[in-house]
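Novice: Here's a structure for you.
The values are calculated or read from the model by the stated rules, or taken from the named source; none is laboratory data. Since the structure is predicted, the reported quantities are computational estimates derived from the model, not experimental observations. Every residue, glycine as well, gets a Cβ built from its backbone with ideal geometry; the counts of neighbours run over all protein chains shown. All accessible areas refer to the heavy atoms of the entire protein, side chains included, with ligands and DNA or RNA removed. Shrake-Rupley method; radii C 1.70, N 1.55, O 1.52, S 1.80 Å.
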Amino acid sequence: MTISENEQQRVIDWALRENACTPEALLPVLHAIQDALQYIPELAFDALAHALNLSRADIFGVISFYSDFRLQPPGRHLLRLCRAEACQAMGGRSLEAEVRRRLQIEFHATTDDGHVTLEPVYCLGACACAPALTLDGSLHGRVDLARLSVLLDQLEIPR
Amino acid sequence: MTTATVYVPGDSGAIAVGAEEVARAIVGESDSRNIAINLVRNGSRGLYWLEPMIEVVREGRRYAYGPVKTDDIAGLFDADFLRGGDHPLALGWTEDIPYLREQERLTFRRVGVVDPRSLSDFIAHDGFTGLRRALALAPSAIVDEVITSGLRGRGGAAFPTGIKWRTVAETVSVQKYVVCNADEGDSGTFADRMLMEGDPFLLIEGLTIAGIAVGATRGIIYIRSEYPHAERMLQQAIMVASEAGYLGIDILCSGRSFMLEIRRGAGAYVCGEETALLESLEGRRGQVRFKPPLPAHKGLFGQPTVVNNVISLATVPVILQRGAAFYAEFGRGRSRGTQPFQLSGNVRRGGLIEKAFGLTLGELIFDWGGGTATGNAVRAAQVGGPLGAYLPTLHFDTPLDYEAFAARSAMIGHGGVVVFDSTVDMAEMARFAMEFCAVESCGKCTPCRIGSVRGRELIDRIIAGDDVVRNIETLRDLCDTMMEASLCALGGMAPLPVLSALEYFSADFARDDMPEAAQRD
C-alpha cells in the first residue's frame, strides 16, 4: 500500500493544524500522523521542523528514541508479542519461537511479501491473562500454541 | 417484569479473553428470544481467572457467572440466568466470592461495580464527595490531611505524597502543574489500567483535589500508548466531567479552576521515570534529568510540578471523604493504607487484590493465587516489576510492606507480583533483566547504557559455561557499579533481579567448570 505524496502532505498539514505549533507538540503531531498513515513519511521532516521551530535532527532524535514511531510503512498486519516476565512465566518464549518459525522473521521485521510486521512489546497490562499479544490493535490473552495457530491461520501464514 | 441488567466487563483484560464476543452473543440471544435487557459494560472486578465474568442483579444484589464463553450463552438463557438461575458457571453472590470478600477495597471500591461511562453512577456511589470536602477546606488543610494519612507514592518510589504536595504548594509561581504518571510500564502490573478503565472519574477527582491543594490550574495525564482503551475512557470522562462543571473554570462555583488534558507516550519504559516523563511532555527524547532541581521546584517547563502515580491520586478522594485517620488505620509500620497488589504469571488465580500492607508474600501467592497455574511447585516470585528482586519460597514469609522488602534488598514497587514455577531458568531471567535494561535505557548515563549490554554479554558467557566463577565475580562488580553510579532507577535497580537470582538460585548459574556445581533446588 503506497500513499501518495499529496495525501501525506494533507495528513501532515492536518496534524499540525490540530495541535498548537510549539516544540512540545511534537509527540502529539507525530502520533496524529502515524495514526493516519501507519508511519512517519520523509516529507514530514521539513514540514514539522518549519512549523514547530525544530531542526530535522531534533525530529529524527525523537522518532528514533520512541519505539512506537516508524519511518517505513508496516506490513498489512501488525503482530506485537509481549516479551515481559509474566508472559514468559506462562510460555511466552515458546510462542516467540513459534511465531519466528512460521513468519520466518525476527522482531522489528516485515515478511518479504509485506504481509506481517512483528514487533516486541514489554507489557500490555494483561499480565493476569498471560501470555498476551496484539494483532492489528486487538488484544488477545491466554494465548497458547493452539490459539496462536488459529490467529496465524487466519492471516494465511503457511504452517 | 422489570428489564434485567447484565454486566459484562469492558475492561481490556476481559476483552482479551473474549468479553466483547460474550457481550455480542448476549445481545443477539436476548434479541432472538425477545427479552429486553440492559447491558452495562463495567470495569473488571479483578478476578481475571474468572473472566469473562458476567453479573446480573438478583434480590438487589449482584450475582456472578464465569468464566463465560459464547457457547455458554444459550444455556445461560435457558437456565434463566437473568434472574440468577442455577447454572454450572454460577459463582454465587459476587461479594461473597472469597477472593473479593477478604479484600479491603478503598481505592478500587467502585471498579467493576459501576458503569465507568456514567457520571450519575459515579455520584450515586459517593463520587466527588472527596472533592466537595476539599473545596470546603483551605489548601494547606488538604495537604495536611494527605500527610496525616501516611499515603506514599504508589508508583514505586514510595515517597510521601503529602510532603511532595507541600513542597509544590510552598513554591511560588504563576503557573504550577499536576502531572499524572499513567505510564504503567512494569511488567506484571495493571492496577492503573484497571482503574482508568473501570473508574475514570475517580482519577479526575484525585487530580482536581491535587490541583486545588497545591495551587495548580493545569493537569496532564501522561498515559502509555499500550493502553488505548484506558485513554478513550479517560478522554470521554474528562469531556463529561467538564460539561457537568467538575473540571474547567470555576469548579462547582468554588472560584477554583482546573484544566485537564491527556498526552500519550510512545513506547518508552523509561518515561515512567518522572523527569524523563517531563522531558517527553516537553516534546523531547525521554532522557532523565539530573536532580536537583526536583520537579516539585522546577518541573514541567521549569515550573513547580506534582508528579504522582495513578493509584496515589486515585486514593486521595477516599482520604478526603473518610478522613486521614480512617485511611491510616490500615497498614503496618510506615506503610499505611492499602495497596492494590497485582498477581500474575504462572498462578492459578491471577488478579487484583487490594489489601492493607502487612500480609505476607506467601499468603498472596498461595491463599489468593492458589499456587501455580501449571500445577508445578512455585519456585520464585518477582515483586515490583522488571527491576524488582526474584524471591525464593524461603522468603515468602516477608510481609508486604515497604521496609520489610527493602530489608531483603527487594521492593514492592507498584505492587506487581509475578509467579514462576519449577521449570524457570533463573540465569535466563537474569539475562532478560539486563537485556530489558539495554533495550529501554535512555542512554544518558554510561553505567546503564553500557553496563546493561556488558551485563547481558557476561550472563551469556556464564550460560555458555565460559570461565563461570570469574565471570560471576565480574558480573557482581558490574552490578555494583550500575547501582552506585546510574542516574535513575532503571540502571540503578536493574541489577536487583540479577543479584537476587545469583543469591537465591545460584544452581542455575552453575556450569561444568564450577568446583561444586550444586544440584538444582
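Novice: Any chance segment B:15-26 includes a residue that's hydrophobic (A, V, I, L, M, F, W, C) and either free of Cβ contacts under 8 Å to residues at least 12 places away in the same chain or assigned by TED's automatic domain parsing to the domain that holds B:THR374 (or both)? Talk me through it step by step, then tell me what you get.
Specialist: So the first thing to find is which residues in segment B:15-26 are hydrophobic (A, V, I, L, M, F, W, C), and the list is B:15-17, B:19, B:22-23, B:25-26.
In the following step, the residues that additionally are either free of Cβ contacts under 8 Å to residues at least 12 places away in the same chain or assigned by TED's automatic domain parsing to the domain that holds B:THR374 (or both) were identified as B:16.
Yes, because at least one residue in segment B:15-26 is hydrophobic (A, V, I, L, M, F, W, C) and either free of Cβ contacts under 8 Å to residues at least 12 places away in the same chain or assigned by TED's automatic domain parsing to the domain that holds B:THR374 (or both).
Novice: Which helices (runs of 4 or more DSSP H) sit wholly inside segment B:118-183 and have at least 2 residues that are more than 18 Å from B:VAL307 (Cα to Cα)?
Specialist: Values: elements: B:119-124, B:129-136, B:139-149, B:161-170.
Helices (runs of 4 or more DSSP H) meeting the threshold: B:119-124, B:129-136, B:139-149.
Novice: Just need a number here: residues in segment B:191-235 that are small (Gly, Ala, Ser), farther than 23 Å from B:GLU354 by Cα and either within 13 Å of chain A (Cβ to nearest Cβ) or without any contact (Cβ under 8 Å) to a residue 60 or more places away in the chain (or both).
Specialist: Number of matching residues: 3.
Novice: A further question on this structure: Check off (1) away from chain A (no Cβ under 14 Å); (2) surrounded by fewer than 22 Cβ atoms within 10 Å (Cβ to Cβ) for B:ILE238 and give me the number that stays unchecked.
Specialist: (2)
Novice: So which pairs qualify, if the first residue must be in segment B:37-59 and more than 18 Å from B:ALA373 (Cβ to Cβ), the second must be basic (Lys, Arg) and in a strand (DSSP E or B), the Cβ gap must be under 7 Å, and the two must be at least 6 apart or on different chains?
Specialist: Partner pairs satisfying both residue conditions: B:GLU55/B:ARG62.
Novice: Considering each residue of segment B:392-423, count those that are within 20 Å of the chain's Cα centre (by Cα) and within 14 Å of chain A (Cβ to nearest Cβ), and give that number.
Specialist: Summing the residues that are within 20 Å of the chain's Cα centre (by Cα) and within 14 Å of chain A (Cβ to nearest Cβ) in segment B:392-423 gives 8.
Novice: Next question, about the same structure. Is segment A:120-128 home to any residue that is over 30 Å from B:GLY371 (Cβ atoms), in a strand (DSSP E or B) and in contact (Cβ under 8 Å) with a residue 12 or more places away in the chain? Break it down stepwise before answering.
Specialist: Kept after step one, since they are over 30 Å from B:GLY371 (Cβ atoms), are these residues of segment A:120-128: none.
Checked segment A:120-128: no residue is over 30 Å from B:GLY371 (Cβ atoms), in a strand (DSSP E or B) and in contact (Cβ under 8 Å) with a residue 12 or more places away in the chain.
Novice: Can you say whether A:VAL121 is open to solvent by less than 10 Å² (accessible area, probe 1.4 Å), at pLDDT 95 or above, within 18 Å of the chain's Cα centre (by Cα) and more than 14 Å from every other protein chain (Cβ to nearest Cβ), as far as the supplied structure shows? Break it down into steps so the answer makes sense when it comes.
Specialist: Numbers: open to solvent by less than 10 Å² (accessible area, probe 1.4 Å): yes; at pLDDT 95 or above: yes; within 18 Å of the chain's Cα centre (by Cα): yes; more than 14 Å from every other protein chain (Cβ to nearest Cβ): no.
For A:VAL121, the condition - open to solvent by less than 10 Å² (accessible area, probe 1.4 Å), at pLDDT 95 or above, within 18 Å of the chain's Cα centre (by Cα) and more than 14 Å from every other protein chain (Cβ to nearest Cβ) - is not met.
Novice: For segment B:145-202, which positions are surrounded by 24 or more Cβ atoms within 10 Å (Cβ to Cβ) and either of a type in the set (Val, Ile, Thr) or on the phi > 0 side of the Ramachandran plot (or both)?
Specialist: B:VAL146, B:GLY156, B:THR161, B:VAL168, B:VAL178, B:VAL179, B:GLY188, B:THR189
Novice: Of all residues in segment B:437-466, how many are open to solvent by 70 Å² or more (accessible area, probe 1.4 Å) and farther than 22 Å from B:PHE290 by Cβ?
Specialist: 5
Novice: Looking at segment B:90-144, which of its residues are polar (S, T, N, Q) and either under 21 Å from B:GLU197 (Cα atoms) or modelled with pLDDT under 95 (or both)?
Specialist: Passing the criteria: B:THR94, B:GLN103, B:THR107, B:SER118, B:SER120, B:THR129.
Novice: Sort out which residues of segment B:465-491 are touching a residue at least 24 places away in the same chain (Cβ under 8 Å) and among the hydrophobic types (A, V, I, L, M, F, W, C), and write them in order of number.
Specialist: Within segment B:465-491, B:VAL468, B:VAL469, B:ILE472, B:LEU475, B:LEU478, B:CYS479, B:MET482, B:ALA485, B:LEU487, B:CYS488, B:ALA489, B:LEU490 qualify.
Novice: Related question: Can you name every residue in segment A:129-148 that is part of a helix (DSSP H, G or I), out of contact with any Lys or Arg (no Cβ under 7 Å at 6 or more places or on another chain), without any contact (Cβ under 8 Å) to a residue 24 or more places away in the chain and not charged (D, E, K, R)?
Specialist: Within segment A:129-148, the subset part of a helix (DSSP H, G or I) is A:129, A:145-148.
Next cut, out of contact with any Lys or Arg (no Cβ under 7 Å at 6 or more places or on another chain) only: A:145-148.
Subsequent filtering for residues that are without any contact (Cβ under 8 Å) to a residue 24 or more places away in the chain retains A:146-147.
Listed by number, the list holds a single entry, A:ALA146.
Novice: Can you find, within segment B:54-91, the residue that is nearest to B:PRO9 (Cα to Cα) among those that are open to solvent by less than 20 Å² (accessible area, probe 1.4 Å) and not hydrophobic (A, V, I, L, M, F, W, C)?
Specialist: Within segment B:54-91, the subset open to solvent by less than 20 Å² (accessible area, probe 1.4 Å) is B:54-56, B:64-66, B:68, B:73, B:76-77, B:81-82, B:84-85.
Add one more test, that the residue is not hydrophobic (A, V, I, L, M, F, W, C), and what stays is B:55, B:65-66, B:84-85.
Details: B:GLU55: 9, B:TYR65: 12, B:GLY66: 12, B:GLY84: 18, B:GLY85: 20 Å.
Looking at the filtered set, the residue picked out is B:GLU55.
Novice: Do we find a residue being small (Gly, Ala, Ser), closer than 22 Å to B:PHE396 by Cβ, touching a helix residue (DSSP H, G or I) at 6+ places or on another chain (Cβ under 6 Å) and open to solvent by less than 10 Å² (accessible area, probe 1.4 Å) anywhere in segment B:329-336?
Specialist: Looking for residues that are small (Gly, Ala, Ser), closer than 22 Å to B:PHE396 by Cβ, touching a helix residue (DSSP H, G or I) at 6+ places or on another chain (Cβ under 6 Å) and open to solvent by less than 10 Å² (accessible area, probe 1.4 Å), one finds at least one in segment B:329-336, hence yes.
Novice: So for segment B:286-298 (the condition being closer than 30 Å to B:ASN42 by Cα, open to solvent by 50 Å² or more (accessible area, probe 1.4 Å) and not assigned by TED's automatic domain parsing to the domain that holds B:GLY491), does at least one residue qualify? Full working, then the answer.
Specialist: Restricting attention to segment B:286-298, the residues satisfying the condition of being closer than 30 Å to B:ASN42 by Cα are none.
Within segment B:286-298, none of the residues are closer than 30 Å to B:ASN42 by Cα, open to solvent by 50 Å² or more (accessible area, probe 1.4 Å) and not assigned by TED's automatic domain parsing to the domain that holds B:GLY491.
Novice: Here's something else I'd like to know. Just for segment B:258-277: of the residues that are touching a strand residue (DSSP E or B) at 6+ places or on another chain (Cβ under 8 Å) and within 24 Å of B:ALA438 (Cβ to Cβ), which one is nearest to the other protein chains (Cβ to nearest Cβ)?
Specialist: Among residues in segment B:258-277 that are touching a strand residue (DSSP E or B) at 6+ places or on another chain (Cβ under 8 Å) and within 24 Å of B:ALA438 (Cβ to Cβ), the one nearest to the other protein chains (Cβ to nearest Cβ) is B:GLY267.
Novice: Under 6 Å between Cβ atoms, which residue pairs at least 6 apart in sequence (or on different chains) link something in segment B:126-139 that is within 10 Å of B:ILE212 (Cβ to Cβ) with a partner that is open to solvent by less than 40 Å² (accessible area, probe 1.4 Å)?
Specialist: These pairs meet every condition: B:LEU131/B:GLU205; B:LEU131/B:THR208; B:LEU131/B:ILE209; B:ALA134/B:ILE142; B:ALA134/B:ILE209; B:ALA134/B:ILE212; B:ALA134/B:LEU320; B:PRO139/B:ALA213.
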